[in-house]
Amino acid sequence: MTYPLIVVTGATGQLGQTLSRLWIKSPLPQYQFKALDRSELDLSQADTAIDVLAELKPSVVVNAAAYTQVDKAETDSIDAHLVNAEAVGRVAAWTAENDAKLIHISTDFVFDGTSKTPYQPNQQTNPLGVYGASKLAGEQHIQSLAEEHSAIIRTSWLYSEYGNNFLKTMLRLMGEREQLSVVDDQIGSPTSSNGLAALIFAMILKDGYQGIYHWSDGASISWYEFALEIQDQALQEGLLGKAIPISPIATSEYPTPARRPAYSVLDRTRAMAEFDCPGAEWQAQLNLVIKELAIKSKESN
Ligand SMILES: NC(=O)c1ccc[n+]([C@@H]2O[C@H](COP(=O)([O-])OP(=O)(O)OC[C@H]3O[C@@H](n4cnc5c(N)ncnc54)[C@H](OP(=O)(O)O)[C@@H]3O)[C@@H](O)[C@H]2O)c1
């Protein structure tokens, strides 16, 4: 007997690695699971990528791959659109033509940040930069080519024990510097890749999803407040030896090539109502990852 196959793209990314690690504990024994890295499925080579899908015949494609370099995208629009929009359209069309399903990950950067209340999935989009525009174009391709075969999960401030993210950058700088300044006028919510992976498994288990969902760890905080909590928890878990002063600064004092939304809290009510995925408090989610990093740090010393 052959079991239906779940294919994950972007195996080396934060979400790709988390899905691979949590797969064995997931409630999906009736599926096979295969995570493909860029050498196995390259979204910038769409024809070849489609050949790979045609060969493997997955029932579900989880697109965790993306061009994620937000600042570099400002001067690399062609590549960002190739991976985040055109290739996504090709994969969406393949899933619709082959009776497969697509779960695609998108971003809070499709919004301009002018809202004062958490963004609803159907709220007006207006990306401020190339990365957000390329991700929005990917969403639009999915909705026009594979609406009944797909779900789009927008998430924000994703972090994990893997790869590069704000948590790991803060821990490094807190260990190296005598003091730190962190932006206090961008409000959003961190999202642990563990919770996002749990949502994806819950969606596949239920096998009833369509349209746009929002997912985060339910906070409404600034990067500065996130940094304070990171330092507190890292001190408690022995990841840092001493506290350093952390000062709040304005976005204008930390210029970046790409503009970021000043407010990007996502309302996750729909995802929580439709799937068995309660979502832990953001501080508890952070603690799981910090504990994991503390274990890794002890092992490597
Ligand atoms: N990180 C965030 O803060 C954040 C926030 C909101 C939404 N998201 C979305 O969440 C999803 C997962 O993000 P993440 O943080 O896990 O990403 P990530 O850690 O940056 O990983 C991106 C993955 O995509 C792969 N990739 C890049 N170009 C590719 C291509 N041409 N073909 C195939 N694979 C390619 C990378 O492969 P290599 O290792 O070979 O480069 C890597 O495996 C993405 O859709 C992202 O847009 C992220």
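The values are calculated or read from the model by the stated rules, or taken from the named source; none is laboratory data. Just so we're clear, the structure is a prediction, and the values are computed from it rather than from any experiment. Don't worry about glycine lacking a Cβ; one is built from the backbone with ideal geometry, like all the others, and counts go over all protein chains shown. Ligands, DNA and RNA are excluded from the accessible area calculation, which covers all protein heavy atoms including side chains. Shrake-Rupley method; radii C 1.70, N 1.55, O 1.52, S 1.80 Å.
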Quiz item: Considering only DSSP beta bridges with both partners in the chain, what is the antiparallel share in %, to the nearest 5?
Solution: 5
Quiz item: So what's the back-of-envelope 222 nm ellipticity for the chain, counting only DSSP H runs of four-plus at -39500 (n - 2.57) apiece and dividing by all residues, rounded to 500?
Solution: -12000 deg cm²/dmol
Practice problem: Could you pull the accessible area for M203 with a 1.4 Å probe, rounded to 10 Å²? | Solution: 0
Quiz item: Taking the chain as a Gaussian network, where each spring joins two C-alpha atoms under 10 Å apart, which residue of D108, D267, D217 fluctuates the most?
Solution: D267
Practice problem: With everything on Cα atoms, drop me the angle between helix 223-236 and the longest principal axis of the chain, reported from 0 to 90° to the nearest 10. | Solution: 80
Exercise. Please give the length that would be gained between R172 and D51 if that part of the chain were fully extended, namely 0.36 nm times their separation in residues minus their C-alpha to C-alpha distance (nm, one decimal).
Key: 39.4 nm
Quiz prompt | Filter on K116/K168; K242/K291; K72/K135; K25/K101; K168/K298; K34/K298 - keep pairs with C-alpha separation over 25 Å | solution = K116/K168; K34/K298
Quiz item: Gap in Å between the Cα centre of region 200-252 and the Cα centre of region 1-56?
Solution: 26
Quiz item: With all pairs of different alpha carbon atoms counted, what Kirkwood hydrodynamic radius in Å does the chain show?
Solution: 19.8
Quiz item: Going toward the positive end of the dipole of region 241-294, with +1 on Lys and Arg Cβ and -1 on Asp and Glu Cβ, which of A262, L286, I249 do you reach last?
Solution: I249
Quiz item: Which order do peptides 274-282, 159-167, 63-71 fall in by mean Cβ count within 10 Å, highest first?
Solution: 63-71, 159-167, 274-282
Quiz item: For the pair D76 and T251, how long in nm is the line joining their label points, each one 7 Å along Cα→Cβ?
Solution: 2.3
Quiz item: Between Q69 and L28, what is the spin-label point distance in nm, taking each point 7 Å from the Cα along the Cα→C-beta axis?
Solution: 3.0
Quiz prompt | Peptide ranges 101-107, 289-295 listed from the most packed, as the mean C-beta count within 10 angstrom indicates | solution = 101-107, 289-295
Quiz item: Accessible area of K57, 1.4 Å probe, to the nearest 10 Å²?
Solution: 140
Quiz item: So which residue, out of A87, A100, A54, gets the largest mean-square fluctuation from a GNM of the chain using Cα contacts under 10 Å as springs?
Solution: A54
